[in-house]
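The values are calculated or read from the model by the stated rules, or taken from the named source; none is laboratory data. What you see is a predicted model; the values in this text were computed from it and never measured. Cβ placement follows ideal geometry from the backbone for every residue including glycine, while neighbour counts extend to all protein chains displayed. Each accessible area value is taken on the protein alone, full model and side chains, heavy atoms only, with ligands, DNA and RNA left out. Shrake-Rupley method; radii C 1.70, N 1.55, O 1.52, S 1.80 Å.
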Amino acid sequence: MSEKYTVERANDFIARQKATVTTTYKPTKHFSAEIGWINDPNGCVFFRGEYHLFYQFYPYDSVWGPMHWGHAKSRDLVNWEHLPVALAPDMPYDKDGCFSGSAIVRDDVLWLMYTGNIVTEDGSILQVQNMAYSEDGVTFTKIAENPVATGDCLPAELIATDFRDPKIFKKDSRYYAVVAAKHQEGVGTIVLLGSDDLRHWSFESIFLKGKPKQGIMWECPDYFVLDGKDILVMSPMRFERTAYDYRNLNSSVVMTGQVDWRSKTFVVEDVRELDHGHDFYAPQSLEDAQGRRIAIAWVHTWGRNFPPHDLGHRWAGSMTLPRQLKWQEGRVIQKVLPESLADLPILEIGQDIVEAGYLQLLIKQSVSLILGTEEDYLTFGYDEKEGVVYIDRSHLLKQPKGEETWDMSRRAVPIRAESLVIIIDHNTLEIFVNDGQESLTSAYYIEGSQRLRQA
Ligand code: FRU
């Protein structure tokens, strides 16, 4: 008999156990769960004047386990209120995990679309798409029609064992979802599903099929329109690395182009890595009441150890600060939100960093900053000679180890830097270059006082 998971059991566990979490390395301004493991942001949506964030969640341990959906909301994208767990793997069609998905509001009802992970008796995996809804934005009902889409709807060239992470959107009067699916040829693929009523879904098209060097599976697709430009964001596994790009085994990519709505296919014009730090995966976006496109990503990635877990601190994983995506000069830029900066104290070089804050630097020449103690520190900055902004973890005592077989101590992005916004929050460093042209997000875990100084 497998273990029984319910929303009530999860909520009860969190209430009883959250005080036992060790918060030494926990960020204070970046979202993290009260206890347990988190990965992808899910169901990012603006509902009745509030931002909702759901996330992949295993409350019972600080490692990945049968996935629940954690839930939080915010009025201002700065302060988050934890809400009861939204989904637990308690049905035959999601019995081994409520995997990633998204949300949409219809007639003032909040709908979720997510993947049910099913391990069959012979050990093989099936992934199906399910729906749930909520009238109060807190408790969710899974619909009787589940699963609403299974691998049976896919063309034979796709593999039903990897069919996940629906991102739902509305176009004209019809609902669509972009969903990741593995191709027999071992490349990533995004399929398009369609529905008129959110309860009955059918296969529409292969929206985009990847090229061999673009990874073996594309996780967590997100499709949206930014100033008339069609954008597809996804997180490929094993995108072929170059000198500076896609150095993480699992990276996040932004493709820009145009959708041909007659054939329902995405025509790619440009492909870029979205963030050049060590820890950035599975971003998901929403549109708010002001029409802003705001994305949040998981600050960690697969196959890496997580020092607070190793130390028995009972938590793992956090989110980036929300960032606004904009279309500017032919590319997507990512801007830190003014409300995030307004909430953070300004930090100074030469200061001991005890709480989260930020600094803004105008760049005229190379600058190399050190954060930490004499023996345990992170370096980052701008190297004018090489023409890169970088984050270097090679002097940290706790160096997260991944599955990458190449040197991962430094990540860098080629750019002529004119300004940097640097956000520091205990275990998270986010750097925005030239007002969002590039970004780098990395986690770090430093013992003792964090002094910020110039090299
Ligand atoms: C991405 C991912 C998704 C999946 C989820 C499981 O990080 O692997 O593809 O739905 O995590 O937790």
Quote the charge dipole size of the chain about the Cα centre in Debye, to the nearest 20; the model charges only the Cβ of Lys and Arg (+1) and of Asp and Glu (-1). 340 debye
Before anything else, pin down the relative contact order of the chain: Cα pairs under 8 Å, at least 6 apart, normalised by residue count, whole percent. 12 percent
Once you place label points 7 Å from the Cα toward the Cβ at E269 and Q365, how far apart are they in nm? 4.0 nm
Taking only protein heavy atoms into account and a 1.4 Å probe, give the accessible area per residue of the chain in Å². 39 Å²
By accessible area of protein heavy atoms, probe 1.4 Å, what ranking do K229, K211 get, highest first? K211, K229
Of the range 140-163, those with amide N under 11 Å from the point 7 Å along the Cα→Cβ vector of N11 are 140
Which part of the range 121-141 falls in the paramagnetic zone of E50, meaning amide N under 11 Å from the point 7 Å along Cα-to-beta-carbon? 136-139
Per-residue ellipticity at 222 nm attributable to helices in the chain (runs of n ≥ 4 DSSP H, -39500 (n - 2.57) apiece, nearest 500 deg cm²/dmol) works out to -1000 deg cm²/dmol
Quick calc: nm separation of the 7 Å Cα→Cβ label points for H395 and L341 -> 2.8 nm
Taking a probe of 1.4 angstrom, what is the accessible area of W261 in Å², to the nearest 10? 70 Å²
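Give me the Å³ per residue figure for the convex hull around the C-alpha atoms of the range 344-454.
On the way: hull volume 11.3 nm³, N = 111.
Cα-based convex hull of the range 344-454, divided per residue, equals 101 Å³.
What is the sum of charges around K182, taking Lys and Arg as +1, Asp and Glu as -1, for the other residues whose C-beta is under 13 Å from the C-beta of K182? Before the final figure, lay out the partial values.
Numbers: positive: R164, K209, R238; negative: E157, D162, D165, E185, E219.
Taking every other residue near K182 into account, the sum is -2.
Please give the direction-averaged projected area of the C-alpha convex hull for the range 205-362, in square nanometres with one decimal.
12.6 nm²
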Subtract the Cα-Cα distance of L311 and E145 from 0.36 nm times their separation in residues, and report this length gain in nm to one decimal. 55.4 nm
Translational D (Stokes-Einstein, µm²/s) of the range 225-274 at 4 °C and 1.567 mPa s when Rh comes from the Kirkwood sum over C-alpha pairs? 110 µm²/s
Show me the GluC sites (Glu not before Pro) within the range 177-222 that DSSP assigns to loop and that have at most 15 other Cβ atoms within 10 Å of their Cβ. E185
Mean projected area (nm²) from the convex hull of Cα positions in the chain is 20.9 nm²
So what's the net charge close to W406: Lys and Arg +1, Asp and Glu -1, counting the other residues with Cβ under 9 Å from its Cβ? 0
Return the sequence-ordered ³J(HN,Hα) values of the range 264-270 in whole Hz as given by the Karplus equation 6.51 cos²θ - 1.76 cosθ + 1.60 applied to θ = phi - 60°, using x for Gly and Pro. 6, 10, 9, 9, 7, 10, 8
Could you work out how much longer the chain between E135 and I349 gets when fully extended? Use 0.36 nm per residue separation minus the Cα distance between them, nm to one decimal. 72.1 nm
Accessible surface of W64 in the full protein assembly, 1.4 angstrom probe, to the nearest 10 Å²? 110 Å²
Of the accessible area of the range 345-455, computed with a 1.4 Å probe and all protein chains kept, carbon and sulfur make up a percent value of 46 percent
Angle between the chain longest axis and helix 7-17 axis [Cα atoms, degrees, rounded to 10]: 20 degrees
For the range 135-276, state what percent of all Cα-Cα pairs lands in each successive 5 Å bin, counting from 0 Å until the bin that includes the largest distance. 2, 10, 19, 22, 19, 14, 9, 5, 1, 0, 0
For the table K18/K398; K213/K335; K29/K95, the rows whose alpha-carbon distance is greater than 31 Å are K29/K95
